[in-house]
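The values are calculated or read from the model by the stated rules, or taken from the named source; none is laboratory data. Keep in mind the model is a prediction, meaning the values are calculated, not measured. Because the Cβ atoms are built from the backbone with ideal geometry, glycine has one as well, and the counts that use them run over all protein chains shown. Surface accessibility is based on the protein's heavy atoms, side chains included, excluding ligands, DNA and RNA. Shrake-Rupley method; radii C 1.70, N 1.55, O 1.52, S 1.80 Å.
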Amino acid sequence: MRGMEQGKHRAPVRTEYGNHRAPAHYEGGDGCLTTLVRIPVRIVVLVLVLPVRMLWDALVVTARAADRALLRPLGHGLRLTEALIAVPARCLWCHLLVPLGHGLLWPARAVFVSPWVALWRYVVVPGARYGIVVPLQWLYAHLLSPLGHGLRWVYREALVPAGRALAAAVRWLGTALKWLLTAVLVMPVGLLWRYVLVPLGRAVGWLAEHLVVLPPVRVYRHVLTPMGQGVARVIDLLIRGVGTVLRGLGLGLRWLVVVLLVTPVAWVYRRVLTPVGREVAAAFGFTWRVAGFVPRAVGRALLRLARTLVGAPVRRAYRTVCVPVGRFVRDAALVPAGRALRTVGRTARQTLRAARETIRQARRDAWRALAGGPAQPGPGELGSPLARTLGSATTVPSAAPEPEISLLPEKSVPQG
């Protein structure tokens, strides 16, 4: 009724065919091919997926059992081992080895470091300073430095002017040689080049230009160039025509490929492969979920079978055989044995106590025989330890103070 009332108040769904709604069992996008493929595919996929799912569930159960029975106890054991080994080792390191190392550091430093430091500070450094550095400084200051200043003065005052004079003489000699070579060699060659060879070369060049260069240039410009341009134009027209023909052939081949190959392949992909792939994927998901119930049922059946064949007989044997036998053994053997052991232990403790008392008394008697007995208290002394006795004014620190009263009967004091 509630669903009908909600259906009454629900807004009508408008479609392209009007305001009517599709049937409740209608699934959009599913055709007859999908319906025909779905059940066989799910059956085949279930046959293929079921062993994998059972193996997966077996591995999961094995991993959980291994974690519960092996890895967790191993982890607790490793943690306990760490607590039993690492903590004492750390305490040993912190409280024994480190203080011992700090204690051995000063003797080691005094034995191995301080002698080498003293040797370096008081032997090597003074020896090097006063045996090598100071003599070298004196040698540099009183011998090498004056010698260097003298050599610099000789170079500045004698060698530099001599070098300048020699350079001026060489320069004057070079200038004279240059003018001589120019007058003897360069000027005749220059006159020969300017007034003989250059006019002769110009005449030969003019003849070569008009007899050798200009005829081929005119032939290339007025004959070969127009002929090559015409041939190139003809080849261009041929290439364009062939390109147009090939373009038309390409368009035709593309249309044939699209019509004969691409359209059928697209239709097969859209109408066949896509529904089949979607159904295969859905079948894998569905069969994986369904296959999860099969290992669970098999596990429950094996568990019930194990309980029936192994657990129940073992439980019944434990209750009917082991429990009565254990109680009989407890009442017939363990309890009397425990009582006997307790009696023996009690007797042994009493014997050991008596032996200890005997040994203590013998030791006390031997000490009394060797060193004498304790001092006997006087007639006015108290036997118990007091803070201050009646016969002396000494105090005992370990005794509690008591009232100083006399134990003798008091005399009656006559009243006035």
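Suppose we take every Cα in the range 246-343 and form the convex hull; what volume per residue is that in Å³?
On the way: hull volume 17.6 nm³, N = 98.
Convex hull of Cα atoms, per residue: 179 Å³.
Compute the Kirkwood hydrodynamic radius of the range 68-197, taking the inverse of the mean of 1/r over all pairs of distinct Cα atoms, and give it in Å to one decimal. Show your work: numbers first, answer last.
Values: mean 1/r = 0.0383 Å⁻¹.
Final number for the Kirkwood radius of the range 68-197 is 26.1 Å.
How do 331, 365, 57 rank by accessible surface area computed with a 1.4 Å probe, from largest to smallest? Mind dumping the intermediate values first?
Values: 331 95, 365 70, 57 35 Å².
These residues rank, largest area first, as 331, 365, 57.
Where the accessible area of the range 109-243 is counted over protein heavy atoms with a 1.4 Å probe, how much of it, in %, is carbon and sulfur? Don't jump to the answer; show the numbers that get you there.
Values: 9050 of 12110 Å².
Carbon and sulfur together cover 75 percent of it.
If R0 is 45 Å, what FRET efficiency do you get for residue 90 and residue 120 from their C-beta distance, rounded to 0.05? Mind dumping the intermediate values first?
Numbers: r = 39 Å, r/R0 = 0.88.
For residue 90 and residue 120, the calculated efficiency is 0.70.
Have a look at the range 53-135 and give its Rg and Dmax from the Cα atoms, expressed in angstrom.
31.2, 97
Once you place label points 7 Å from the Cα toward the Cβ at residue 196 and residue 132, how far apart are they in nm?
Label-label distance for residue 196 and residue 132, simple model: 7.9 nm.
Using the C-alpha gyration tensor of the range 149-281, what are the square roots of 5 times its eigenvalues, in whole angstrom, with the largest one first?
Details: eigenvalues 1594, 423, 5 Å².
Taking √(5λ) for each Cα gyration eigenvalue gives 89, 46, 5 Å.
Computed FRET efficiency, Cβ-Cβ of residue 265 and residue 240, R0 35 Å: what is it to the nearest 0.05?
Numbers: r = 35 Å, r/R0 = 1.01.
E(calc), rounded to 0.05, equals 0.50.
Could you state how much accessible area residue 100 has, in square angstrom rounded to the nearest 10, with a 1.4 Å probe and all protein chains kept in place?
For residue 100, solvent-accessible area is about 90 Å².
Taking every pair of alpha-carbon atoms in the range 252-299, give the share separated by more than 13 Å as a whole percent.
Values: 776 of 1128 pairs.
It works out to 69 percent of all Cα pairs.
What's the extension gain from residue 222 to residue 178 if we count 0.36 nm per residue and subtract their Cα-Cα distance? The partial results should precede the final answer.
Numbers: separation 44, 0.36 × 44 = 15.84 nm, distance 5.70 nm.
Value of the extension gain: 10.1 nm.
Give me a comma-separated list of calculated 3J(HN,Hα) values for the range 325-331, in order, Karplus coefficients 6.51, -1.76, 1.60 applied at θ = phi - 60°, integers in Hz, x for any Gly or Pro.
Computed from phi, the couplings for the range 325-331 are 4, x, 5, 4, 4, 5, 6 Hz.
Take the Cα of residue 48, step 7 Å along the line toward its Cβ, and report every residue of the range 261-294 whose backbone nitrogen sits under 12 Å from that point.
Counting backbone N atoms under 12 Å from the label point, the list is 277, 280-285.
What figure in square angstrom, to the nearest 10, would you give for the accessible area of residue 76 with a 1.4 Å probe?
Per-residue accessible area (residue 76): approximately 110 Å².
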